[in-house]
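A.B. asks: Below: one structure in structure tokens.
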Amino acid sequence: DIHKATASLIYGLEERDVADSMREVAKRVNFGIIYGLTHYGLSQDLNIAVEEAQRFIDSYFLTYSGVKEYIHEQIKRAEKDGFVTTMLGRRRYIPEINHKNQGIRQLAQRQAINTPIQGTASDLIKLAMIQIHDRIKLRGLKSRMILQIHDELVFDVPKEEIKEAAELAKERMENVLKLKVPIKVETKIGKNWSEMEKVK
């Protein structure tokens, strides 16, 4: 749980002592930093003092120095090439990366940092959707993929196919591309979103 680990870091607690509210703050720190959020932006987002936000960011980069290197490399690459790519090679051109206006340039820098991350996530979910759809057809299942919401997929599944459809979706989503850090997928079932429980 990366958010709990970050909460442990910024609050100086053991992971087992991290409250849900602390994890939520850490989640916003994690996403904020990779989206190029400044200490001022983070302070506004979390409604905390600028100094505290800066302390969160400093603690984060002290522990995850590779993230700082990644951010620097992505900006430099975009400045040199005029574009960044996802892991699978899809490009996003960022012509404003060398703009004279600081505000425009900083927005372009945030796009350079964020695009490879979110773009790769988008590539992965789309590949998984194609493969799941193909396997559902191949097996002659009545289950249907009906909705994608960011990194979640929603299916309409007959009761007799719940186990097979859940295993199929989980297996494809976790293995669509082999990464150094494994992708973990949780499957849930329910008549609606307020009555969901884990598939056993």
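The values are calculated or read from the model by the stated rules, or taken from the named source; none is laboratory data. Because the structure is predicted, anything quoted here is derived from the model rather than measured. Cβ coordinates were reconstructed from backbone atoms using ideal geometry, including for glycine residues, and neighbour counts include every protein chain displayed. Ligands, DNA and RNA are excluded from the accessible area calculation, which covers all protein heavy atoms including side chains. Shrake-Rupley method; radii C 1.70, N 1.55, O 1.52, S 1.80 Å.
A.B. asks: Across the stretch 133-160, what is the number of residues that are over 30 Å from residue 38 (Cα atoms) and either assigned to a strand (DSSP E or B) or out of contact with any helix residue (DSSP H, G or I) (no Cβ under 9 Å at 6 or more places or on another chain) (or both)? Break it down stepwise before answering.
C.D. replies: Pass one, the stretch 133-160, residues over 30 Å from residue 38 (Cα atoms): 133-148, 153-160.
Subset that is either assigned to a strand (DSSP E or B) or out of contact with any helix residue (DSSP H, G or I) (no Cβ under 9 Å at 6 or more places or on another chain) (or both): 133-134, 137-138, 140, 144-148, 153-156, 159-160.
Final tally of qualifying residues: 16.
A.B. asks: Now for a different question. Select from the stretch 43-65 the residues that are in contact with a Leu (Cβ under 7 Å, 6 or more places away or on another chain) and among the small types (Gly, Ala, Ser) and write down the one among them that is modelled with the lowest pLDDT.
C.D. replies: 59
A.B. asks: Go through (1) outside any helix (DSSP H, G or I); (2) in contact with a Ser or Thr (Cβ under 6 Å, 6 or more places away or on another chain) for residue 182 and report which single condition fails.
C.D. replies: Among (1) outside any helix (DSSP H, G or I); (2) in contact with a Ser or Thr (Cβ under 6 Å, 6 or more places away or on another chain), the lone unmet condition for residue 182 is (2).
A.B. asks: Has the stretch 174-187 got any residue that is touching a strand residue (DSSP E or B) at 6+ places or on another chain (Cβ under 8 Å) and over 22 Å from residue 2 (Cα atoms)?
C.D. replies: Checked the stretch 174-187: no residue is touching a strand residue (DSSP E or B) at 6+ places or on another chain (Cβ under 8 Å) and over 22 Å from residue 2 (Cα atoms).
A.B. asks: Against the definition (outside any helix (DSSP H, G or I) and out of contact with any Cys (no Cβ under 7 Å at 6 or more places or on another chain)), how does residue 170 come out, yes or no?
C.D. replies: no
A.B. asks: Exactly one of these conditions fails for residue 74: (1) open to solvent by 50 Å² or more (accessible area, probe 1.4 Å); (2) modelled with pLDDT of 90 or more; (3) among the polar types (S, T, N, Q). Give me its number.
C.D. replies: (1)
A.B. asks: In the stretch 34-50, is there at least one residue being touching a helix residue (DSSP H, G or I) at 6+ places or on another chain (Cβ under 7 Å) and aromatic (Phe, Trp, Tyr)?
C.D. replies: For the stretch 34-50, residues touching a helix residue (DSSP H, G or I) at 6+ places or on another chain (Cβ under 7 Å) and aromatic (Phe, Trp, Tyr): present.
A.B. asks: Moving on. Among residues belonging to the stretch 133-151 that are modelled with pLDDT of 95 or more and charged (D, E, K, R), point out the one that is farthest from residue 87 (Cα to Cα).
C.D. replies: 142
A.B. asks: Related question: Looking at this structure, is residue 41 within 16 Å of residue 117 (Cα to Cα) and either part of a helix (DSSP H, G or I) or free of Cβ contacts under 8 Å to residues at least 40 places away in the same chain (or both)?
C.D. replies: So residue 41 fails the test.
Okay, residues lined up against (1) under 19 Å from residue 117 (Cα atoms); (2) open to solvent by 50 Å² or more (accessible area, probe 1.4 Å); (3) in contact with a His (Cβ under 7 Å, 6 or more places away or on another chain); (4) in contact (Cβ under 8 Å) with a residue 40 or more places away in the chain:
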residue: 149; (1), (2), (3), (4): yes, yes, no, no
residue: 168; (1), (2), (3), (4): no, no, no, no
residue: 175; (1), (2), (3), (4): yes, no, no, no
residue: 186; (1), (2), (3), (4): no, yes, no, no
residue: 195; (1), (2), (3), (4): no, yes, no, no
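A.B. asks: Given the criterion part of a helix (DSSP H, G or I) and open to solvent by 40 Å² or more (accessible area, probe 1.4 Å), identify the matching residue among 125, 113, 130, 97.
C.D. replies: Values: 125 fails: open to solvent by 40 Å² or more (accessible area, probe 1.4 Å); 113 fails: open to solvent by 40 Å² or more (accessible area, probe 1.4 Å); 97 fails: open to solvent by 40 Å² or more (accessible area, probe 1.4 Å).
So the residue among 125, 113, 130, 97 that is part of a helix (DSSP H, G or I) and open to solvent by 40 Å² or more (accessible area, probe 1.4 Å) is 130.
A.B. asks: Then there is this: Only one residue in 27, 80, 68 is open to solvent by 70 Å² or more (accessible area, probe 1.4 Å) and at pLDDT 90 or above, so which one is that?
C.D. replies: Numbers: 27 fails: at pLDDT 90 or above; 68 fails: at pLDDT 90 or above.
Checking each option against the conditions leaves just 80.
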